[in-house]
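Below is one structure, written out as structure tokens, with a few remarks after it.
The values are calculated or read from the model by the stated rules, or taken from the named source; none is laboratory data. In this text the structure is predicted, and so the values were computed from the model without any measurement. Here Cβ is always computed from backbone atoms with ideal geometry, including for glycine, and neighbour counts include all displayed protein chains.
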Amino acid sequence: MTIEQKGGILLIGIMSVIILSAFGYAVSQYTVIAASAPTVGVYLADGLGRPLYCLCGAATGGCNDSCMSAFFEFSGRIYAAPPLNQSDFSYVSGSPIGHIAYRGAPLYYFRDDTRDGIYGDGYMGVWRLTRP
């Protein structure tokens, strides 16, 4: 990732925080925003800018225990920041910790993502960045 790409991601994150604050949203890790990066396009992220993933579409049955060990649940209270719709988010049925889903697909973090890189997209051929 080039310095320009890193700067673009940082700028988008800073702008999201400013916009959310202007609308009176409490920016926290539980806020869901639409983020963007030059190499991957638009995707869902938490309020701290960490990307959110799903086992989308036909991939839902293709992940075993070792695959799941690389991801952990995005859970808590739901705050969908504009332009996202609060009604697109729900809780995974039976989850004791409030696992959040987007349009019915449970959301996860990837353990190896960093502030400088998104590494979980396409992991083991089944994980995808969640797209708005």
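When residues in segment 78-132 are screened for being part of a loop (DSSP other than H, G, I, E, B), in contact (Cβ under 8 Å) with a residue 24 or more places away in the chain and either surrounded by 13 or more Cβ atoms within 10 Å (Cβ to Cβ) or of a type in the set (Ser, Thr, Tyr) (or both), 13 of them pass.
Of all residues in segment 94-118, those satisfying the criterion of being of a type in the set (D, E, K, R) and at pLDDT 90 or above are ARG103, ARG111, ASP112, ASP113. Pairs are defined by a Cβ separation below 9 Å, a sequence spacing of at least 6 or placement on different chains, a first member in segment 59-77 that is closer than 18 Å to ASP121 by Cβ and at pLDDT 85 or above, and a second member that is part of a helix (DSSP H, G or I) and not aliphatic (A, V, I, L, M); the pairs so defined are ALA70/TYR123; PHE71/TYR123.
Within segment 39-54, if we keep just the residues that are part of a loop (DSSP other than H, G, I, E, B) and either surrounded by fewer than 16 Cβ atoms within 10 Å (Cβ to Cβ) or modelled with pLDDT under 85 (or both), the residue that is nearest to the chain's Cα centre (by Cα) turns out to be LEU48. As a summary of the residue check, LEU20 satisfies the conditions (1) at pLDDT 85 or above; (2) buried (at least 16 other Cβ atoms within 10 Å of the Cβ) except for the one numbered (1). From the list TYR79, TYR119, TYR108, the one residue that fits, being more than 17 Å from CYS63 (Cβ to Cβ), among the hydroxyl-bearing types (Ser, Thr, Tyr) and within 13 Å of the chain's Cα centre (by Cα), is TYR79. Sort out which residues of segment 61-77 are of a type in the set (A, V, I, L, M, F, W, C) and part of a loop (DSSP other than H, G, I, E, B), and write them in order of number. CYS63, ALA70, PHE74, listed by residue number.
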